[in-house]
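Contents: one structure, followed by commentary.
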Amino acid sequence: YSLYDGKKHSGNTELIIACPVHKLPVFVKAGAIVPMEEPRLNTRGSSEMLHLHIYKNVSNSSFVFYQDDGISFDYQNHEYARRLIEYKPLLNRIVIGGTEGKFKSAFKTIKLVLHGFDPEMKTLYVNHQERAVTNSVSGFFKSLEKYDPIKDPEPAPEENVLTLEFEYRSEEIVIHWL
């Protein structure tokens, strides 16, 4: 997948694409689990929303999501939060494992962003509770455009995605679809 516009490319191939200095080609492997936060001026403080991007694939993938205070050695005393995130496409399931460690995350909400999934999908189940999915537009670089020193005349590319927001909790969260 292209990070900029979500265009799917076949793996194990060579591509010739435009590569201006201000727009390096960045690709995301199918099945990738990419946690992100909103852009900020610096790394101090924390966001209340975790954006969890999942790129459609046919085989399982996983990612260990780790947090700590970022400034001390308290992680050596288990002052961290670690959780396994698993994408299981053959089971139509995403599992966000329970939190290990004593660090309390500042996240209050998870925004699940599904790339390459069926745009006709209308419902996901979060811990067996039915939730409506929203068709949205994702533009990774839209919010950074105003800081572009080159002032690209083309607007930042966008991609149609499915999104769902739900409460961040330290217990296991299971998302599935039919």
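The values are calculated or read from the model by the stated rules, or taken from the named source; none is laboratory data. Since this is a predicted model, take the numbers as computed values, not measurements. Backbone-built Cβ (ideal geometry, glycine too); neighbour counts: all protein chains shown. Accessible surface areas use protein heavy atoms only, side chains included; no ligands, DNA or RNA. Shrake-Rupley method; radii C 1.70, N 1.55, O 1.52, S 1.80 Å.
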Given the whole protein assembly as supplied and a 1.4 Å probe, what does the accessible area of residue 86 come to in Å², nearest 10?
50 Å²
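Antiparallel DSSP bridges in the chain: what percent, to the nearest 5? Walk me through the numbers before you get to the answer.
On the way: 38 of 45 bridges.
Counting DSSP beta bridges with both partners in the chain, the antiparallel share is about 85 percent.
Could you look at the chain and say what percent of its accessible area is carbon and sulfur, using a 1.4 Å probe and all protein chains?
Solvent-exposed carbon and sulfur of the chain make up 53 percent of the total.
Give me the 1.4 Å probe accessible area per residue for segment 1-148, excluding ligands and nucleic acids, in Å².
On the way: 9550 Å² over 148 residues.
Each residue of segment 1-148 exposes 65 Å² on average to a 1.4 Å probe.
If the only charges are +1 at each Lys and Arg Cβ and -1 at each Asp and Glu Cβ, what is the size of the charge dipole of the chain around the Cα centre, to the nearest 20 debye? Don't jump to the answer; show the numbers that get you there.
Values: 21 positive and 24 negative charges, 28 e Å.
The dipole magnitude comes to about 140 debye.
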Out of 120, 14, 79, a Gaussian network model of the chain with alpha-carbon springs under 10 Å gives the largest mean-square fluctuation to 14
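Looking at this model, which pairs from 29/88; 29/122; 88/122; 7/56; 56/111; 29/104 are more than 22 angstrom apart at the alpha-carbon? Walk me through the numbers before you get to the answer.
On the way: 29/88 15 Å; 29/122 25 Å; 88/122 19 Å; 7/56 12 Å; 56/111 16 Å; 29/104 30 Å.
Beyond 22 Å between Cα atoms: 29/122; 29/104.
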Could you tell me, in Å, what Rg and Dmax come out for the Cα atoms of segment 1-53?
14.6, 41
Calculate, in nm to one decimal, what residue 108 and residue 154 gain on full extension: separation in residues at 0.36 nm each, minus their alpha carbon distance.
13.1 nm
Using a Cα-Cα cut-off of under 14 Å, which aspartates and glutamates could be cross-linked to residue 8, ignoring same-chain neighbours fewer than 8 residues away?
118, 158, 159
Taking the Cα centre of segment 10-80 as the origin and placing charges on Cβ (Lys, Arg +1; Asp, Glu -1), which of 76, 50, 60 is farthest toward the positive end of the dipole?
60
Give me log10 I(q)/I(0) at q = 0.09, 0.11 Å⁻¹ for the chain, Debye formula, one equal scatterer per alpha-carbon, no solvent.
-0.37, -0.55
Normalised by the number of residues in segment 27-173, what is the relative contact order in percent for Cα pairs under 8 Å and 6+ residues apart?
23 percent
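Taking the Cβ of residue 27 as the centre, find all other residues whose Cβ is under 15 Å away and add up their charges (Lys, Arg: +1; Asp, Glu: -1).
Numbers: positive: 7, 8, 23, 29, 56; negative: 5, 14, 159.
Taking every Cβ under 15 Å from that of residue 27, the sum is +2.
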Could you tell me the largest-minus-smallest coordinate of the C-alpha atoms of segment 86-137 on each of the three principal axes, in descending order and whole angstroms?
40, 25, 21
Points 7 angstrom from Cα along the Cβ direction at residue 169 and residue 28: gap in nanometres?
2.6 nm
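Quick one: what do you get for segment 38-114 if you divide its Cα Rg by 2.2 N^0.38 Å? Could you put the intermediate results ahead of the total?
On the way: Rg = 14.2 Å, N = 77, 2.2 N^0.38 = 11.5 Å.
Segment 38-114 yields a ratio of 1.24.
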